[in-house]
Amino acid sequence: RFAYVYDDPDAGDSSTYLEQRLQLDILGTTETDGGLTLGGKFRTRSYDDGDANTTTNNGMNAGQMFVSAGGLKVEVGNVDGALDNMSYIGLGTIGISNFVSPISSFAYSSTGTTVDTGVAAIYSMGAFGAHVSYDSNIDKTDAVLSFTTAGYTFSIGGSDYDDDSEWTKLAASVGGELAGVDFGLGYANNGDAGDFYTAYGQFGIAAGTTIGAYLMYGDQDDNTGVGADIKYDLGGGAALKAGVYNDDDGTFADAGVQFNF
Amino acid sequence: RFAYVYDDPDAGDSSTYLEQRLQLDILGTTETDGGLTLGGKFRTRSYDDGDANTTTNNGMNAGQMFVSAGGLKVEVGNVDGALDNMSYIGLGTIGISNFVSPISSFAYSSTGTTVDTGVAAIYSMGAFGAHVSYDSNIDKTDAVLSFTTAGYTFSIGGSDYDDDSEWTKLAASVGGELAGVDFGLGYANNGDAGDFYTAYGQFGIAAGTTIGAYLMYGDQDDNTGVGADIKYDLGGGAALKAGVYNDDDGTFADAGVQFNF
Amino acid sequence: RFAYVYDDPDAGDSSTYLEQRLQLDILGTTETDGGLTLGGKFRTRSYDDGDANTTTNNGMNAGQMFVSAGGLKVEVGNVDGALDNMSYIGLGTIGISNFVSPISSFAYSSTGTTVDTGVAAIYSMGAFGAHVSYDSNIDKTDAVLSFTTAGYTFSIGGSDYDDDSEWTKLAASVGGELAGVDFGLGYANNGDAGDFYTAYGQFGIAAGTTIGAYLMYGDQDDNTGVGADIKYDLGGGAALKAGVYNDDDGTFADAGVQFNF
């Protein structure tokens, strides 16, 4: 993906620069006679350094191995964090590159060549889902439960991390499709950083064209974020996107193309 | 490719060592419904460190993304430099590993994990070609125009970089095939480093065997370089090559095998 | 592969941790018209840092190139060491991750991004085999000869490295299958580190289940190592393994799964 970015922080000068990210996943799997799937995954990512006008690749990231059978998947190494993968709680990526989420916890690292070793279990059975992840270095466990009914998914998550910190302690969300609008509502308690509330909706306005509206409020700093974006599908996994988001940190806008291959 | 190298610099002792380079390109593309091709490219290269007797791999290099449609290709990230890709101006690779060119400008980086972010546009329509590249970090633009007629290609290129430097400011070349000889003639003005003139010819002497002769003159130091090489095709993309080149810096000779897979 | 490890060194506290290793080989080859095979190989490996609870990937390793024809293979770059690849002399991997060998010499580096440049030649003709490897940086040559008859393989190896060191100077081994038991017997003279003697046997006790017993004795410190492991084949290249090994350094035990894809 790449985009032209306008970044106007409240602190410091505004800047425009070329944003870009290119990543490659390498996935290998095998199946045992008993039906277990065993696999491993690497990722390498090349990306811009904000407005520094340089492009960097840290090399291959720390790997993830997994075992899956039926609805259960167990991950080892560079695992997917439970809170980080909670659905409908974050605003997602507004435009091409501006990812906004109230969640603050450990997550899969796309560029880290040394990461904390984790273990995660992801389970789904019918309408019910569970995701537990453990960081063995800082001894932190995240857990999320979800339930889907009538097209809506309700999730609740928490962490056992006891330090007085700004990491997410409790989170809840609901989302789905209502009258043609994909929506998400979320709440996160981030300890010393206070409570966060999120809401967004996305809907099609014409063939291949989708618009979205985004809101986030943090009570600690009485900080309200408002954003909007538009996406036009080019086919073949490619899309043009443009977006803008404004909060207490300033205004961030971009326009560009994203694609998969 | 790998080769046995004899390197006799005028300053310092002569040395012989094993030269080698192994690189892998990873290319992914997708096509939109409208016929645009979108893609990305990574490279990893392992290579010797001259006569230090070690082999190094810096990891995956900084990536390049591109969009192409018809005769136009736009690159973002680790892009191909216009002057660096000008045809017929350099002497190319004499033998296995001795690359000689009068051009001094930014180029695609095979081993750099952090590079200046660039944008490039490459256009071809019939006999006409154009390549413009921009380094967003140092604000330098290179441009080359070329025209092909009757089997000969004429190119002219320049750079807007104003600093008193030894980088190429102006370059011109002509090349093609004449009476069974592939030839190239080039001129480059490298500012404080003076003017450079190049000439080379390559022709087949037997089935699968090609010999080449190379000349370069730099007026600043009254430096004349003379070289020759021979190549024997092994089939399957592999070839034996041996070459020698002598200039004011000393003598460099090697012999070895190069191959693609 | 990944495993749960119990490590109780005589010096320092015991610890348990999650062991893991994920590696990917990238191999490319081409064939010349004359029947030579030319190729190159890269590896990237992600692994745990013992009980530090982190996972690291150094990126792509230094590459290896090779030419092979008939029973001869010549390697350049990050080559396979002759002594390091001698058969039946080491105890191999006891359990999932505890690799034990009396050999101390240079070897193929799975994670090194800068390695000594080597050259190696590996030759086999009928019952006879030879492997010579040379490290061009420290000027060290290893050589191993082997001969197979009646299902038993006899090997003898040595190194020309003259420094008073603890590297292997001389080694000999014999191994094969005897009455349903795969066995190996080895001897290595490691200079200042004294003589080492090894013995092991592995045999199937039920369909898909194999057990092994391991012994190593070093006369310098009168150090005896004793180990055992069990392996259960899951099919599809995957297996459960558990093992334990005790010597003067302490006790090391693990249990886990290994797989190929």
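The values are calculated or read from the model by the stated rules, or taken from the named source; none is laboratory data. All values reported here derive from a predicted model rather than from experimental measurement. Here the Cβ positions follow ideal geometry from the backbone for every residue, glycine too, while neighbour counts run over all protein chains shown. Note: accessible area is taken over every heavy atom of the protein model, side chains too, but ligands, DNA and RNA are not part of it. Shrake-Rupley method; radii C 1.70, N 1.55, O 1.52, S 1.80 Å.
Would you call B:GLY201 among the small types (Gly, Ala, Ser) and in contact with a Ser or Thr (Cβ under 6 Å, 6 or more places away or on another chain)?
The answer is no for B:GLY201.
Confirm whether A:ALA242 is under 19 Å from the mean Cα position of the chain (by Cα), surrounded by fewer than 20 Cβ atoms within 10 Å (Cβ to Cβ) and over 24 Å from A:MET86 (Cα atoms). Please lay out each step first, then the result.
Details: under 19 Å from the mean Cα position of the chain (by Cα): yes; surrounded by fewer than 20 Cβ atoms within 10 Å (Cβ to Cβ): yes; over 24 Å from A:MET86 (Cα atoms): yes.
Considered against the rule, which asks whether it is under 19 Å from the mean Cα position of the chain (by Cα), surrounded by fewer than 20 Cβ atoms within 10 Å (Cβ to Cβ) and over 24 Å from A:MET86 (Cα atoms), A:ALA242 comes out as yes.
Give the residues of the range B:124-164 that are touching a helix residue (DSSP H, G or I) at 6+ places or on another chain (Cβ under 7 Å) and more than 18 Å from B:PRO102 (Cα to Cα), sorted by residue number.
The one that is touching a helix residue (DSSP H, G or I) at 6+ places or on another chain (Cβ under 7 Å) and more than 18 Å from B:PRO102 (Cα to Cα): B:HIS131.
Give the residue that is farthest from the other protein chains (Cβ to nearest Cβ), with candidates limited to residues of the range B:64-82 that are closer than 11 Å to B:VAL119 by Cα and either in a loop (DSSP other than H, G, I, E, B) or open to solvent by 10 Å² or more (accessible area, probe 1.4 Å) (or both).
Checking each candidate, the answer is B:ALA82.
Considering only residues that are among the small types (Gly, Ala, Ser) and under 20 Å from C:MET86 (Cβ atoms), look in the range C:167-179 and name the one that is surrounded by the most Cβ atoms within 10 Å (Cβ to Cβ).
Of everything passing the filter in the range C:167-179, C:ALA171 is surrounded by the most Cβ atoms within 10 Å (Cβ to Cβ).
Of the residues B:ALA255, B:ALA228, B:ALA238, B:ALA242, only one is modelled with pLDDT under 90 and closer than 21 Å to B:ASP182 by Cα; which? Explain how you work it out, then say what you get.
Numbers: B:ALA255 fails: closer than 21 Å to B:ASP182 by Cα; B:ALA228 fails: modelled with pLDDT under 90; B:ALA242 fails: modelled with pLDDT under 90.
Just a single option satisfies the conditions, and that option is B:ALA238.
Given the residues A:ALA172, A:ALA206, which is the only one that is among the small types (Gly, Ala, Ser) and over 14 Å from A:TYR88 (Cα atoms)?
Only one candidate passes the filter, namely A:ALA206.
Just give me the residues in the range C:110-134 being under 27 Å from C:THR56 (Cα atoms) and in a strand (DSSP E or B), in sequence order.
C:THR114, C:VAL115, C:ASP116, C:GLY118
Kindly establish whether A:ALA69 is in contact (Cβ under 8 Å) with a residue 12 or more places away in the chain, closer than 30 Å to A:GLY151 by Cα and within 21 Å of the chain's Cα centre (by Cα).
It is false that A:ALA69 is in contact (Cβ under 8 Å) with a residue 12 or more places away in the chain, closer than 30 Å to A:GLY151 by Cα and within 21 Å of the chain's Cα centre (by Cα).
C:ILE96 is checked against (1) without any contact (Cβ under 8 Å) to a residue 60 or more places away in the chain; (2) surrounded by 23 or more Cβ atoms within 10 Å (Cβ to Cβ); (3) in contact with a Gly (Cβ under 6 Å, 6 or more places away or on another chain) and fails just one. What number does that condition carry?
(1)
Hey, among the residues in the range A:180-205 that are assigned to a strand (DSSP E or B) and among the small types (Gly, Ala, Ser), which one's surrounded by the most Cβ atoms within 10 Å (Cβ to Cβ)?
Kept after step one, since they are assigned to a strand (DSSP E or B), are these residues of the range A:180-205: A:181-189, A:195-205.
Then drop every residue that is not among the small types (Gly, Ala, Ser), which leaves A:184, A:186, A:188, A:199, A:201, A:204.
Numbers: A:GLY184: 21, A:GLY186: 25, A:ALA188: 28, A:ALA199: 15, A:GLY201: 17, A:GLY204: 14.
Here the answer is A:ALA188.
Being surrounded by fewer than 20 Cβ atoms within 10 Å (Cβ to Cβ), more than 8 Å from every other protein chain (Cβ to nearest Cβ), out of contact with any Pro (no Cβ under 6 Å at 6 or more places or on another chain) and not small (Gly, Ala, Ser): is that true of B:THR141 here?
Considered against the rule, which asks whether it is surrounded by fewer than 20 Cβ atoms within 10 Å (Cβ to Cβ), more than 8 Å from every other protein chain (Cβ to nearest Cβ), out of contact with any Pro (no Cβ under 6 Å at 6 or more places or on another chain) and not small (Gly, Ala, Ser), B:THR141 comes out as yes.
Within the range A:19-55, how many residues are surrounded by fewer than 22 Cβ atoms within 10 Å (Cβ to Cβ), within 13 Å of chain C (Cβ to nearest Cβ) and under 15 Å from A:SER110 (Cβ atoms)?
Total satisfying the criteria: 7.
Return the pair list, or none, for Cβ contacts closer than 6 Å from residues in the range A:13-35 that are in contact (Cβ under 8 Å) with a residue 60 or more places away in the chain to residues that are surrounded by 15 or more Cβ atoms within 10 Å (Cβ to Cβ) and among the aliphatic types (A, V, I, L, M), at least 6 apart or on different chains.
Sorted first by the residue in the range A:13-35, then by its partner, the pairs are A:GLU19/A:ALA3; A:GLU19/A:VAL5.
Residue check, A:ASN85 against (1) buried (at least 22 other Cβ atoms within 10 Å of the Cβ); (2) touching a His at 6+ places or on another chain (Cβ under 7 Å), all met but one. Which one?
(1)
Look at the range A:103-135 and say how many of its residues are under 18 Å from A:GLY158 (Cβ atoms), within 9 Å of another protein chain (Cβ to nearest Cβ) and open to solvent by less than 30 Å² (accessible area, probe 1.4 Å).
2
Got a number for residues in the range A:206-239 being open to solvent by less than 70 Å² (accessible area, probe 1.4 Å) and outside any strand (DSSP E or B)? Spell out the reasoning first.
Quick first cut of the range A:206-239, residues open to solvent by less than 70 Å² (accessible area, probe 1.4 Å) only: A:206, A:208-214, A:216, A:218-219, A:223-225, A:227-229, A:234-239.
Then drop every residue that is not outside any strand (DSSP E or B), which leaves A:208, A:219, A:236-237.
Going through the range A:206-239 one residue at a time, the tally reaches 4.
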